[in-house]
Amino acid sequence: MGVKEGTLIIDAKTKTLVEHRSGELIEKLSNYVDIDPGHPVPLRIQIKNRNQSFDWTFRVHPPGLWLFESGTLNAQGKRHPISVTDVVIQSAAETKK
């Protein structure tokens, strides 16, 4: 099952993807930040289809790592929270010790 056809909505000013629609699937990306000049990433992604929805948030960790932080899955009338905690980023120099 893959997407064969859809519609992309791009922000003309920032040239970032705002929304993707394909059949009953809707994906929305928002709250963009630059991790490097000209390299934007969304801090929120929402996905909805007929049976379920996801609402995910992301965080940028130094030195520019874009990682999932928390979110929810809504399916079959139930809300399921998801989160990542205690993230530790080690530099290459630290791992060689």
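The values are calculated or read from the model by the stated rules, or taken from the named source; none is laboratory data. Quick caveat: nothing in here was measured; it's all calculated off a predicted structure. Positions of Cβ are backbone-derived with ideal geometry, glycine not excepted, and every protein chain shown enters the neighbour counts.
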Quiz item: Just checking, how many residues over the range 46-57 are touching an Asp or Glu at 6+ places or on another chain (Cβ under 6 Å) and either surrounded by 12 or more Cβ atoms within 10 Å (Cβ to Cβ) or within 19 Å of SER30 (Cα to Cα) (or both)?
Solution: 4
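Considering only the range 10-27, state which residues are in a loop (DSSP other than H, G, I, E, B) and among the hydrophobic types (A, V, I, L, M, F, W, C). Explain how you work it out, then say what you get.
Here is the first cut: in the range 10-27, the residues in a loop (DSSP other than H, G, I, E, B) are 12-15, 23-24.
If the condition is that a residue be in a loop (DSSP other than H, G, I, E, B) and among the hydrophobic types (A, V, I, L, M, F, W, C), then ALA12 is the only one that fits.
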Quiz item: Within the range 58-79, how many residues are farther than 17 Å from GLU27 by Cα, surrounded by 14 or more Cβ atoms within 10 Å (Cβ to Cβ) and hydrophobic (A, V, I, L, M, F, W, C)?
Solution: 2
Quiz prompt | Residues (under 21 Å from HIS80 (Cβ atoms) and modelled with pLDDT under 95) located in the range 10-52 | solution = GLU24, LEU25, ASN49, ARG50, ASN51, GLN52
Quiz item: List pairs: first in the range 25-43 and farther than 19 Å from HIS61 by Cβ, second part of a loop (DSSP other than H, G, I, E, B), Cβ under 7 Å, 6+ apart or cross-chain?
Solution: LEU25/ASN49
Practice problem: List the number of the failed condition for ASP55; all other conditions in (1) under 29 Å from LYS78 (Cα atoms); (2) assigned to a loop (DSSP other than H, G, I, E, B) hold. | Solution: (2)
